[in-house]
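The values are calculated or read from the model by the stated rules, or taken from the named source; none is laboratory data. No experiment lies behind these values; they were computed from the predicted model shown. Glycine also receives a Cβ, built like all others from the backbone with ideal geometry; neighbour counts cover every protein chain displayed.
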Amino acid sequence: MTDSTPAAANKGRMLWFLLLLGLTNLMWAAQGTAVKYLEKQLGPIGITFLPFYLTTVLLVPLLVWKRRANPNAARPTWGDWWKFAMAGICGQVLAQLGMTWGITKSLASNGSILNLLIPVITAVLASVLLRERITKLRVACLFLGLVGVLLMSVQDLRQSAFLHTGYLLGNLLIFGGCTGSAFYNVYCKGLLERFQEVEILIFSYVTASLASLPVLLWQEPDCLAKLAALDLPGWLAFAFLAIFMYGASMLLFFYVLQYLPVTVASMSLYLVPIFGVILAVLVLGEHLSAFTVIGAAVVLVSTVLIMKYDPSA
């Protein structure tokens with residue numbers, strides 16, 4: 001006999017959301033591998049924004065189809081466009097430029113550690129902007145997930161140099177990028193009350209593209225020539241960033257955001273290092289340390305706990 005009770009239905013829904021968040025974070029974790037293929041052929045700003053522009057163009061037909069399927073959908077007012085500009089510029093542009101320029105002026109290990117602050121910053125911003133409650137369970141799972149990722153990041157901790165004055169500007173830029181990423185997710189959660197996920201994504205991407213294009217042309221005026229000279233692995237990496245990193249993964253994440261508090265959904269970001277380690281083992285042949293295995297287990301436990309027991313999930 002099939003269990004059709006509300007509890008069973010809710011359990012199935014949570015497993016579905018966990019699967020979607022896992023798939024989203026797998027795509028985010030593969031970003032580093034794709035960038036490795038591109039970094040010797042494109043500049044850092046070009047790697048960041050050229051795939052972003054292609055994603056914006058590719059999403060337009062999907063937006064048109066969605067609009068035709070739902071002709072009564074809300075049309076953006078000038079006030080809404082200001083909100084999309086806020087999400088695109090203070091969210092996406094700040095996040096991407098902060099991380100890209102920050103890493104060039106600091107250490108990759110510093111960036112890896114500072115990225116762990118995104119769920120924490122998200123929880124704070126969600127409590128201020130969306131009035132989401134910071135419950136004991138959320139604090140406990142957030143702390144548990146942070147501990148797990150720190151265990152996985154022992155090598156990065158050894159190599160980091162937060163107090164080195166030469167890296168101060170870079171670290172501040174990375175922190176700004178982390179804040180922009182958290183702000184984008186929280187702010188767009190509020191926009192989901194009136195607009196569909198694809199609408200928010202494309203409208204915010206349009207404003208972010210317009211704002212970032214002058215920076216790209218100023219810093220890397222030869223970016224189009226370099227783009228045309230990409231080899232096959234470079235084009236495949238570029239396509240991955242455009243289609244999956246900036247496109248499919250964000251659509252999946254925004255879909256889940258319709259049903260979960262942004263504080264809960266953002267905790268899945270702690271899954272990124274797990275998938276990063278798995279990819280490193282499978283693609284690069286790296287070996288797992290005991291700290292990595294233990295940390296991965298702790299992260300998984302914290303994620304399952306928040307998805308299963310959070311009352312609003």
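Tabulated data
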{"item": "Filter pass, Glu193 being more than 13 Å from the chain's Cα centre (by Cα) and in a loop (DSSP other than H, G, I, E, B)", "result": "yes"}
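Residue by residue, here is whether (1) among the hydrophobic types (A, V, I, L, M, F, W, C); (2) at pLDDT 90 or above; (3) closer than 30 Å to Val304 by Cβ; (4) not in a helix (DSSP H, G or I) holds:
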| site | (1), (2), (3), (4) |
| --- | --- |
| Gly32 | no, no, yes, no |
| Tyr37 | no, no, no, no |
| Gly46 | no, yes, no, no |
| Pro51 | no, yes, no, no |
| Leu54 | yes, yes, no, no |
| Val64 | yes, no, no, no |
| Arg67 | no, no, no, no |
| Ala73 | yes, no, no, yes |
| Pro76 | no, no, no, yes |
